[in-house]
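The values are calculated or read from the model by the stated rules, or taken from the named source; none is laboratory data. Quick caveat: nothing in here was measured; it's all calculated off a predicted structure. Backbone-built Cβ (ideal geometry, glycine too); neighbour counts: all protein chains shown.
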Amino acid sequence: IILALDWLTQQNVGLINVSLAGPRNKLLNLAIDNASTKGATLVAAAGNQGRAAPPQFPAAFARVIAVTAVDAGKRAYRQAVRGRHIDIAAPGVDVFVGSPSDGRYVSGTSIAAPFVTASLASQREGALSILSQASEDLGPQGKDQVFGHGLLQADTLCTKG
């Protein structure tokens, strides 16, 4: 992962989606800091270890946009990790993922993260600020540990430009 982040920053990739989660890793943190310093915006899945789990990384690193998942009823995904580091929610429960021959329904924060990454791809700067402005506040008013800034309203971002 560290080598991939280094290669991506060498290629001047400005937006990186990381749909995996695990324990804190100092070398990964350094690689993310390096990518961020070079201008990359990183989006990561919060993790699917449950509400009582500790923060998962890389989503819990300060320079990463942490994405949680919600269902069609705007309820938090029951397996999603929670915490102060959560920045934004996106669809991630029973999302149909097609393939050339068929498809299936899948769930998880790794399914939600690409919604955020795709929405940011249409923007030029101010990623987290843009996301918070394009969100429907869920849960307690303001940023919270379950939904972050709220449910991403991608249609408001994707129609601008």
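Identify all residues within segment 57-67 that are farther than 11 Å from ILE111 by Cβ and in contact with a helix residue (DSSP H, G or I) (Cβ under 7 Å, 6 or more places away or on another chain); write none if there are none.
PHE57, PRO58, PHE61, ARG63, VAL64, ILE65
To keep it simple, each residue is scored yes or no on (1) within 15 Å of ALA21 (Cβ to Cβ); (2) of a type in the set (D, E, K, R).
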residue	(1), (2)
ARG84	no, yes
GLY92	yes, no
ASP102	no, yes
TYR105	no, no
SER110	yes, no
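Being crowded, with 22+ Cβ neighbours inside 10 Å, of a type in the set (A, V, I, L, M) and in a loop (DSSP other than H, G, I, E, B) is the filter here; which residues of segment 61-92 pass it?
Result: ALA80, VAL81.
Of all residues in segment 105-120, which are modelled with pLDDT of 95 or more and in contact with a Gly (Cβ under 9 Å, 6 or more places away or on another chain)?
Within segment 105-120, VAL106, SER107, GLY108, THR109, SER110, ILE111, ALA112, ALA113 qualify.
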